[in-house]
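To start, the structure itself, in structure tokens.
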Amino acid sequence: MKVHKKYSIIGWCILMELSERQEKILEIVKEFGPITGEKIAEFLCVTRAALRPDLAVLTMSGFLEAKPRVGYTFKTQAVDNEVIRMLNQYKVGDVQSMPVVLKESCSIYDAIVTLFVEDTGTIFIIDDNNYLTGVVSRKDFLKTTLGQADICKMPVSVIMTRMPNVILATADETVVEAVKKIVEQEIDSLPVVKYLLDADGEEKPQVVGKITKTNIARLFLDLATRSNEGG
Ligand code: ADP
């Protein structure tokens, strides 16, 4: 039997699994609410008393609102708000990992070797003053190897996506904002940067980390695992 899972979020990230009957109650209230406990019991062919624990769980966890003399209503807004509030607590700085960085003058060949050795999909490219100038990823390398380029001589800067076209993240922005950029731009990762003033007093980005689809998947797994552990 397929188990449908719906989770309730109570306070700080406590997620719990709903039973099949609790899910049915939610469906009934969504469709027919406001609806009394007696009517719900009729739908499910059980006594009102048998439903009491389920209704208590759904009310306490914020799915349902019980109004005297009116009945139960579905609190979509409250649940949605709680999910948004919880997700927005995570900042890029909480999940970012170490970036792989190379100088512009590095050859495409050496950059490909680095890709394998460092087991990464994206390399961030910096100038001699350590400011970010570009990003290069697997597809850029594949494209190059389709041509006649001498990858041992050609510098990686020739094939990189250049600033100001690089999409950036900062440690203090939310993970949700970073995910939005990754999804909308259809890319795998963002360099996490801090801005410094260069010799001309111009603000320029230096790479301090990266946020990738893997970091985000790990956060997702972390949240799901916490829920199984019950707290
Ligand atoms: P892959 O090449 O492994 O599919 P991506 O989907 O991330 O990886 O990269 C696709 C293209 O987008 C490449 O040309 C790459 O240079 C570029 N790119 C990757 N990351 C960024 C970024 N943060 N900002 C702008 N362009 C990027």
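The values are calculated or read from the model by the stated rules, or taken from the named source; none is laboratory data. The structure displayed is predicted, hence computed values, not measured ones. A quick note on method: Cβ atoms are made from the backbone with ideal geometry, for glycine too, and the neighbour counts reach across all protein chains shown. The area values use the complete protein model at the heavy-atom level, side chains included, leaving out ligands, DNA and RNA. Shrake-Rupley method; radii C 1.70, N 1.55, O 1.52, S 1.80 Å.
Round to the nearest 0.05 the FRET efficiency obtained for SER107 and LEU221 when R0 = 45 Å and r is the Cβ-Cβ distance. Let's see the in-between values first.
Details: r = 37 Å, r/R0 = 0.82.
Efficiency for this residue pair is about 0.75.
Can you tell me what share of the DSSP beta bridges in region 92-221 is antiparallel? A percent to the nearest 5 is fine.
Working: 18 of 22 bridges.
Close to 80 percent.
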Q. Near LYS103, which lysines are there with a Cα under 22 Å away, not counting those fewer than 8 places off in the same chain?
A. LYS139, LYS143, LYS153, LYS194, LYS204, LYS210
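Per residue, how many Å² of accessible area does the chain show with a 1.4 Å probe? List each step's numbers first, then the result.
Values: 13790 Å² over 231 residues.
Per residue, the chain has an accessible area of 60 Å².
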Q: Could you grab the Rg to Rh ratio for region 92-221? Cα atoms only, Kirkwood for Rh.
A: 0.97
Q) When all protein chains stay in place, what accessible area (Å², nearest 10, 1.4 Å probe) is found for LEU132? A) 10
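Can you give the helix-only mean residue ellipticity at 222 nm for the chain, where every DSSP H stretch with n ≥ 4 adds -39500 (n - 2.57) and the sum goes over all residues, rounded to the nearest 500 deg cm²/dmol? The partial results should precede the final answer.
Values: 9 runs with 97 residues, N = 231.
Theoretical 222 nm ellipticity from helices: -12500 deg cm²/dmol.
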Q.
Can you give me the % of accessible surface on the chain that is carbon or sulfur? Probe 1.4 Å, all protein chains present, nothing else counted.
A. 56
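How much length, in nm to one decimal, is gained on full extension between ILE84 and VAL176, taken as 0.36 nm per residue of separation minus their Cα-Cα distance? It would help to have the intermediate numbers written out before the result.
Values: separation 92, 0.36 × 92 = 33.12 nm, distance 0.93 nm.
My answer for the length gained is 32.2 nm.
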(Q) Given axes a ≥ b ≥ c from the Cα gyration tensor, I'd like to know whether the chain is rounded (a/c under 1.5), prolate (a/b larger than b/c) or oblate. (A) prolate
